[in-house]
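First up is the structure itself, then whatever we jot down about it.
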Amino acid sequence: MRYTVSIADRTVQVEVKGNTVLLDGRPIRATLVAIPRTPLRQLVVNGQARTFAMTRGTDGWKVQCAGRWWPVAVLDERTRQVRELTGQRAKHAAGGLIKAPMPGLVLRVEVEVGQRVEQGAGLVVLEAMKMENEIKTPGPGVVQAIHVAAGQAVEKGMPLVAVGEQEG
């Protein structure tokens, strides 16, 4: 199966043939394993492992690694061709409702209601598994609501901050 994968501003072609993965035509050894009951995935490419938090939204995936968020769109070959024929483009959303990617303790809230934020701006710092995780906005906007406070325990999927579209 062939896919077009867009990560932030980079696009690659991925073809999966059984246990073989071709990345822009080059064979690589890659496995992606879900960690049960978490949004975490472990990706091993040519023997190098990395762990990511992945959440699916209405406009694609959002992937977090080392405190940074990237919007990711994955299109199979048929969907990509239909979009090309119809002139549809992928949509990049404003922040929306940012939810906790894992259970943890809110250490800091780094924004205020009404504050303008750019893509990648830090919103909340969560402590999970004895590590600080900065939760960042996947898109620009204005902070509309803050649903947590420092010292509060949160569960996976709990709303943290609402970020709306920037006014023209």
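The values are calculated or read from the model by the stated rules, or taken from the named source; none is laboratory data. Just so it is clear, the model here is predicted, and its values are computed rather than measured. Every residue, glycine among them, receives a Cβ derived from its backbone with ideal geometry; neighbour counts consider all protein chains shown.
Selection within the range 145-168: residues that are outside any loop (DSSP other than H, G, I, E, B) and either surrounded by fewer than 16 Cβ atoms within 10 Å (Cβ to Cβ) or at positive phi (or both). The member of this set that is modelled with the lowest pLDDT is Gly164.
Conditions (1) within 13 Å of the chain's Cα centre (by Cα); (2) modelled with pLDDT under 85; (3) not assigned by TED's automatic domain parsing to the domain that holds Val12, marked per residue:
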site	(1), (2), (3)
Phe52	yes, no, no
Lys62	yes, yes, no
Cys65	yes, yes, no
Pro71	yes, yes, no
Leu105	no, no, yes
Val109	no, no, yes
Val113	no, no, yes
Val117	no, no, yes
Gly120	yes, yes, yes
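Could you tell me which of the residues Leu22, Leu32 is touching a strand residue (DSSP E or B) at 6+ places or on another chain (Cβ under 7 Å), outside the structural domain of Thr137 (by TED's automatic domain parsing) and farther than 24 Å from Pro138 by Cα? Being touching a strand residue (DSSP E or B) at 6+ places or on another chain (Cβ under 7 Å), outside the structural domain of Thr137 (by TED's automatic domain parsing) and farther than 24 Å from Pro138 by Cα holds for just one of Leu22, Leu32, which is Leu22. Restrict the check to the range 84-91 and report whether at least one residue is among the small types (Gly, Ala, Ser), at pLDDT below 90 and within 30 Å of Ala153 (Cα to Cα). No, the conditions are met nowhere in the range 84-91. Do the conditions hold for Val142, that is, is it surrounded by 17 or more Cβ atoms within 10 Å (Cβ to Cβ), more than 13 Å from the chain's Cα centre (by Cα) and either over 19 Å from Arg10 (Cα atoms) or at pLDDT below 80 (or both)? Against the criterion (surrounded by 17 or more Cβ atoms within 10 Å (Cβ to Cβ), more than 13 Å from the chain's Cα centre (by Cα) and either over 19 Å from Arg10 (Cα atoms) or at pLDDT below 80 (or both)), Val142 qualifies. When you check Val124 against the structure, is it in contact with a Ser or Thr (Cβ under 9 Å, 6 or more places away or on another chain), of a type outside the set (S, T, N, Q) and modelled with pLDDT of 80 or more, yes or no? Judged against the criteria, Val124 is not a match.
Selection within the range 51-81: residues that are basic (Lys, Arg) and touching a residue at least 12 places away in the same chain (Cβ under 8 Å). The member of this set that is surrounded by the fewest Cβ atoms within 10 Å (Cβ to Cβ) is Arg68. Scanning the range 1-50 for residues that are surrounded by fewer than 12 Cβ atoms within 10 Å (Cβ to Cβ) and touching a residue at least 24 places away in the same chain (Cβ under 8 Å) returns a single hit, Met1.
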